[in-house]
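As structure tokens, the structure follows; a few thoughts come after it.
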Amino acid sequence: MNDLSHTGADRPGSALAPASHVEARSAGRVLVVDDDVAVGLILARTLARLGYESDVAGDGPKGLSLFTAGPGNYSLVLLDYKLPGMDSSTVYRHLRGLRPDLPVVLMSGYNREDALEKSAGMDLAGFLHKPFTADTLRSALGSACGA
């Protein structure tokens, strides 16, 4: 099964399943910021299958800490819309303050239009509605990174 489903409290009972067939290529490093540990781990495995290295943070402050340690190390950030401790728009502003050219793809299990409306002002490189497939992820990454 290729679905990357959200397993957070807003989607009880859903599960993530890694992609079964994806081609690997050297593609850079992605920072994944998602409060759902299972989602982060599956995204990291799927990103590895797609040829990306990744770091995973479970909240905004941890994501910023990882990013601040090496802002030039990242090709892209996958940022969950709903985060504890620090909202996604605050995380986004800090990331882009350090790297104005950084592609940020917003992810959410919430309604796409609502998430994008509440994220107005963010110059996003893409949006992934959870659950999404490995092929959808690959496409979003390629579009965001100009591949």
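The values are calculated or read from the model by the stated rules, or taken from the named source; none is laboratory data. Computed from a predicted model, the values in this text were never measured in an experiment. Ideal geometry is used to build each Cβ from the backbone, glycine not excepted, and the neighbour counts take in all protein chains shown.
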State yes or no: is ASP59 charged (D, E, K, R), surrounded by fewer than 18 Cβ atoms within 10 Å (Cβ to Cβ) and modelled with pLDDT under 95?
no
Report, ordered by the first and then the second residue, all pairs with beta carbons closer than 8 Å, sequence separation of six or more or different chains, a first member in segment 96-120 that is within 14 Å of LYS130 (Cα to Cα) and without any contact (Cβ under 8 Å) to a residue 40 or more places away in the chain, and a second member that is of a type in the set (Val, Ile, Thr) and surrounded by 10 or more Cβ atoms within 10 Å (Cβ to Cβ).
VAL105/VAL77
May I ask you to verify whether ARG93 is under 18 Å from ASP34 (Cα atoms) and among the basic types (Lys, Arg)?
yes
How about segment 87-134: which of its residues are out of contact with any helix residue (DSSP H, G or I) (no Cβ under 8 Å at 6 or more places or on another chain), closer than 15 Å to GLY63 by Cβ and charged (D, E, K, R)?
ARG93, ARG96
If you check LEU66 against the conditions, is it of a type outside the set (D, E, K, R) and at pLDDT 95 or above?
yes
Condition met for LEU106 (within 12 Å of the chain's Cα centre (by Cα) and either buried (at least 22 other Cβ atoms within 10 Å of the Cβ) or not in a helix (DSSP H, G or I) (or both)):
yes
Being part of a strand (DSSP E or B), touching a helix residue (DSSP H, G or I) at 6+ places or on another chain (Cβ under 8 Å) and buried (at least 16 other Cβ atoms within 10 Å of the Cβ): is that true of LEU137 here?
no
In segment 18-43, the residues that are of a type in the set (Lys, Arg) and at pLDDT below 95
ARG25
Got at least one residue in segment 5-13 being closer than 28 Å to GLY97 by Cα, at pLDDT below 95 and crowded, with 17+ Cβ neighbours inside 10 Å?
no
